[in-house]
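Read the structure below first, then the notes.
The values are calculated or read from the model by the stated rules, or taken from the named source; none is laboratory data. These numbers were taken from a predicted model, which means no experiment stands behind them. Every residue, glycine as well, gets a Cβ built from its backbone with ideal geometry; the counts of neighbours run over all protein chains shown. Heads up: the accessible areas ignore ligands, DNA and RNA and are worked out on the full protein's heavy atoms, side chains in. Shrake-Rupley method; radii C 1.70, N 1.55, O 1.52, S 1.80 Å.
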Amino acid sequence: MTFTDQLWQEIAPVYEVILSHGFVEELMAGSLPSPTFQYYIQQDALYLADFSRALSQLAARSANPDDMLQFTQFAQNAILVERALHETYFSLYAIEPETTKMPACFAYTNYLLATTSLQSIAVGAAAVLPCFWIYRQVGKYIYQQAIRENPYRAWIDTYAGDAFDQSVTQMLRLTDQFAELASPTERANMQEAFRVSSRLEWYFWNDAYTQNRWLV
Ligand SMILES: Cc1ncc(C[n+]2csc(CCO)c2C)c(N)n1
């Protein structure tokens with residue numbers, strides 16, 4: 001079993017509750033209220049900018065040019081995906097970008113930036129991995145079940161597509177390479193980072209579904 005297989009086994013219960021979350025179920029059914037999706041897209045635009053910064057941080061700290069290139073490409077793609085997908089929905093709904101990060105987005109982006117800046121590259125890579133991997137699995141799951149005439153079709157097709165599939169496979173390979181070189185303590189830290197980010201993925205959907213805002 002690879003290291004990343006072990007990572008997935010540990011977060012399997014988190015993945016199960018993500019799949020059965022109302023946001024995912026209603027996105028799949030096409031019945032998700034548009035204000036809920038608008039909140040999600042606005043927060044996601046803020047998330048992706050910082051996610052790209054976190055990947056750029058890993059690129060800058062990489063020891064070899066191949067890893068640098070890989071992280072730089074991921075960082076670039078995060079911005080390009082954001083533009084393509086978000087512009088579609090921003091103009092469809094005639095909404096403006098949001099400037100305030102709500103609690104889950106705030107927690108997740110700050111966690112990613114702190115981890116990729118202050119922990120080892122191996123731990124930083126484990127922290128960004130759920131973003132790739134959980135979206136691929138959720139994307140495929142939704143793609144298989146979703147009705148054709150779904151208002152969220154552009155979103156579904158992005159994450160169920162081949163281009164995205166390949167980048168996730170590369171990210172998994174990279175993480176397994178880091179794990180091979182890591183000490184047992186560092187591997188434990190990688191597991192913890194993977195778990196924290198996986199949980200935060202759930203919180204991100206949940207904030208959108210409940211339209212969560214700062215209470216004070
Ligand atoms: C909260 C949240 N988590 C994960 C993704 C998915 N995602 C965003 S950028 C990227 C890599 C592209 O190179 C992936 C997989 C998202 N959109 N929002």
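Among the protein heavy atoms, those of residue 14 account for about 30 Å² of accessible surface (1.4 Å probe, every chain in place).
Seen from every direction in turn and averaged, the convex hull around the alpha carbons of segment 66-210 projects onto 9.6 nm².
In the context of the full set of protein chains, segment 87-162 has a per residue accessible area of 45 Å² (1.4 Å probe). Sorting 3-10, 145-152, 189-196 by their mean Cβ neighbour count within 10 Å, with the most densely packed peptide first, gives 189-196, 3-10, 145-152. Look at the dipole of the chain built from charges on Cβ: of 105, 122, 191, the Cα furthest out on the positive end belongs to 105.
From the square roots a ≥ b ≥ c of the eigenvalues of the alpha-carbon gyration tensor of segment 74-151, which class results: rounded (a/c under 1.5), prolate (a/b over b/c), or oblate? Oblate, because a/c is 1.5 or more while a/b does not exceed b/c. So what does the Cα-only Debye profile of segment 1-128 read at q = 0.12 Å⁻¹, as log10 I(q)/I(0), no solvent term? Cα-only, vacuum Debye calculation for segment 1-128: -0.58. Dividing the mean sequence gap of close Cα pairs (under 8 Å, 6+ apart) by how many residues the chain holds gives a relative contact order of 34 percent. Ranking 16, 26 by solvent-accessible area of protein heavy atoms (1.4 Å probe, all protein chains present), from largest to smallest, gives 16, 26. Overall, the accessible surface of the chain at a probe of 1.4 angstrom is composed of carbon and sulfur to the extent of 54 percent. Placing +1 on the Cβ of every Lys and Arg and -1 on the Cβ of every Asp and Glu, with no other charges, gives segment 103-173 a dipole of roughly 80 debye about its Cα centre. Centre-to-centre separation between the Cα atoms of segment 17-96 and those of segment 108-155: 8 Å. Computed from point charges on the beta carbon alone (+1 for Lys and Arg, -1 for Asp and Glu), the dipole magnitude for the chain about its Cα centre is near 220 Debye. Taking θ as phi - 60° and the Karplus parameters 6.51, -1.76 and 1.60, the scalar couplings of segment 23-29 work out to 4, 5, 4, 6, 4, 5, 7 Hz in sequence order, x denoting glycine and proline.
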